[in-house]
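> Encoded as structure tokens, here's the structure I'll be asking about.
The values are calculated or read from the model by the stated rules, or taken from the named source; none is laboratory data. All values reported here derive from a predicted model rather than from experimental measurement. Positions of Cβ are backbone-derived with ideal geometry, glycine not excepted, and every protein chain shown enters the neighbour counts.
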Amino acid sequence: MNFLKIKFFPNKIESYLYFCISNIIFIIILLGIIEQGLEEKNKNENTSEVMLFIPKIYNDFEEKRDLIFNQLSANSSIISVNKLENKEVKKLLFDILKNINVSDDIIPEVYDVKVEHSKPLNFNIINEKITKIIDGALIDKISNKKSKNFISFISSFVILIIIILLNNFFLLKNYLVKIKHYINLSRYFGVNDFIILRNLNISFFILLFLVFSICYPIFITLTDYYFNYVLLNDFITIYLLIYFFYNCIILMILSIQCKIYMKNLNVL
């Protein structure tokens, strides 16, 4: 028992606990970001981000608006039309309006138009028809929201990866300093550097397996009971891919740092 403890886990238990807890938190956040990003991607592939803008006029507005809806309902490419609230419209126009207070009476009615991806709309023909009904009415594809979501996803993903790498880099560096005596004693008893490196990799491989085993039920519980979020069908595949790459990166960092550290010990 003592031999196994020294062989694979020569440091104090606090170091291993901190490694596990910090990586559990990071992995859960990483899973959330990836799941949300993939869900947004699937939504964008199935439907186009199309908006309908109808200026408010004083004469027969409701009748003319209904005529526009009749024109759109005849188009087989359009799945549904959902009205946005004024606060959502103001949010869309935030970059233009900035700090200007605008009355709700002059804000146009804006509708989110769901379109089948396989049936692209001919915006020119539709706009010619609806502008004859209400001057200034417009239906068009908006790509700004998608690009912002993509930039936000990439930024969050990159920042989190950098934090994970830095956190584990310093954790493992501190770990190697603490087991300096273990490395020296192992060498005195004839253990070569490759075996030491292999044993340390086995120890952190076991810890990472434990971490991912704990993360799975925690993430499922959080999504089901607290966030009311439905996981993608290929979640298991995504989880296994993250597990594989996460292990490879962490163990590679450990191996590189360990080789450099043992080389420095040789110099000393």
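> Considering (1) surrounded by 15 or more Cβ atoms within 10 Å (Cβ to Cβ); (2) under 27 Å from LEU31 (Cα atoms); (3) at pLDDT below 95, say which one THR237 fails and leave the rest.
Among (1) surrounded by 15 or more Cβ atoms within 10 Å (Cβ to Cβ); (2) under 27 Å from LEU31 (Cα atoms); (3) at pLDDT below 95, THR237 violates only (1).
> Could you check the stretch 1-83 for helices (runs of 4 or more DSSP H) lying wholly inside it with 3 or more residues that are modelled with pLDDT of 85 or more and assigned by TED's automatic domain parsing to the domain that holds THR221?
13-46
> Right, something else. For SER118, are the conditions met, namely being modelled with pLDDT of 85 or more and more than 21 Å from PHE53 (Cβ to Cβ)?
So SER118 does not fit the description; no.
> Taking interchain pairs and intrachain pairs at least six residues apart, which have beta carbon atoms under 8 angstrom, with the first residue in the stretch 173-202 and touching a residue at least 60 places away in the same chain (Cβ under 8 Å) and the second among the polar types (S, T, N, Q) and assigned to a loop (DSSP other than H, G, I, E, B)?
Taking only residues 6 or more apart or on different chains, the pairs are TYR175/ASN11; LYS178/ASN11; ILE179/ASN11; TYR182/ASN11.
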